[in-house]
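Participant: Supplied in structure tokens, the structure appears directly below.
Derivation of every value follows stated rules applied to the coordinates shown; laboratory data play no part. Everything quoted here is computed from the prediction, not taken from an experiment. Please note: Cβ atoms are built from the backbone with ideal geometry, for glycine as well, and neighbour counts cover all protein chains shown.
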Amino acid sequence: MSRKIGKKISDEPTPGPLVDGLRKMIKNRRAKPSGLVTHRGLAQMPLKGNRGACGSFHYNADKPSGVDAYANPLTACVFTSVMQEWKKDFCPSHREGCRIQWGDISHKNSAKFNGHMTHTDGYCIDIRPMRNGAFGDSPMTYTSRGYDREMTGKLIKLMKKRGGSAMYFNDTRLGTKAVHGHHNHVHVCFKDNPTTRNTCSNLKVDPNLCPELQ
């Protein structure tokens, strides 16, 4: 085998240890795959401080770090696919306002936390709207001057395409449902359905986009 062909094969995206572990948990929620932090049948999203996978950012993090970042394994798999695709096709730079900023998912120990009624089982995620210009770790509403409706709409369409449901966000021009308190974040759930299953089954981690998942 030539070096060029060998390099091409080795560079092809593979599921990676994170995705392999999540798939094991999908089949058996009691599984505790090596390399994953798990509790209550949920898996902690990869974090280093506030930095998440694929260039994402975890905002308003509870302490200790990662305690509010536990997801259903299928949800974690699908959201990882969304983040990788977003970085590849829409927002390659983590310095831009289109960087995905996500907040509460579910708590490690407590099914109910921070007043949430829909973040009990790891299916749902809060995501800040996109902003114009550079990245900033600060609240953004759909009425803010720096709000980027176009990019927010693209993210919502991508999440729907990958099986996202229960979309709450008060900018209803984007095809979402207005719910009190959702002026500053998009609420999305990735529950078990044929589309989310297919998204997870087809996910292959690209180390050039999401090196922390290898």
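Participant: Rounded to the nearest 5, what is the percent of antiparallel bridges among the DSSP beta bridges in the chain?
Facilitator: Counting only bridges with both partners in the chain, antiparallel ones make up about 85 percent.
Participant: Further question: Quick one: 3J(HN,Hα) in Hz for region 97-102, Karplus 6.51/-1.76/1.60 with θ = phi - 60°, rounded, Gly and Pro as x.
Facilitator: x, 7, 4, 5, 10, 10
Participant: So, one more: Which ³J(HN,Hα) values, rounded to whole Hz and listed in residue order, are derived for region 66-73 from phi using the Karplus coefficients 6.51, -1.76 and 1.60 in 6.51 cos²θ - 1.76 cosθ + 1.60 with θ = phi - 60°, glycine and proline given as x?
Facilitator: Taking θ as phi minus 60°, the curve returns x, 5, 9, 10, 9, 10, 4, x Hz for region 66-73.
Participant: What list of ³J(HN,Hα) values in whole Hz, one per residue of region 133-139 in order, does the Karplus curve 6.51 cos²θ - 1.76 cosθ + 1.60 (θ = phi - 60°) give from phi, with Gly and Pro shown as x?
Facilitator: Each residue of region 133-139 in turn: x, 7, 4, x, 8, 8, x Hz.
Participant: Moving on. Return the long-range amide H neighbours of residue 148 (sequence gap of 5 or more, or a different chain), with a cut-off of under 5 Å between placed amide H atoms.
Facilitator: The answer is 130, 131, 132.
Participant: Would you list 169, 190, 57 from fewest to most Cβ contacts within 10 Å?
Facilitator: 57, 169, 190
Participant: Among 95, 131, 29, whose mean-square fluctuation peaks in a Gaussian network model of the chain (Cα, cutoff 10 Å)?
Facilitator: Of 95, 131, 29, the Gaussian network model singles out 95 as fluctuating most.
Participant: Continuing with the same structure: Going by how many other Cβ atoms sit within 10 Å of their own, how do 205, 179, 188 line up, fewest first?
Facilitator: 179, 205, 188
Participant: Non-local amide H neighbours of residue 97 (under 5 Å, H modeled in plane, Pro and chain starts lacking H): which ones?
Facilitator: Placed amide hydrogens put 133, 134, 135 under 5 Å from residue 97.
Participant: Moving on to the next point. Tally Lys and Arg at +1 and Asp and Glu at -1 over the other residues with C-beta under 15 Å from the C-beta of residue 147: what net charge comes out?
Facilitator: Numbers: positive: 99, 128, 131, 145, 149, 154, 173; negative: 96, 148, 150, 171.
That works out to +3.
Participant: To the nearest 20 debye, what is the magnitude of the charge dipole of the chain about its Cα centre, counting +1 on the Cβ of each Lys and Arg and -1 on the Cβ of each Asp and Glu?
Facilitator: 500 debye
Participant: Enter the mean projected area of the convex hull around the alpha-carbon atoms of the chain, in nm², rounded to one decimal.
Facilitator: Projected over every direction and averaged, the Cα hull of the chain covers 12.4 nm².
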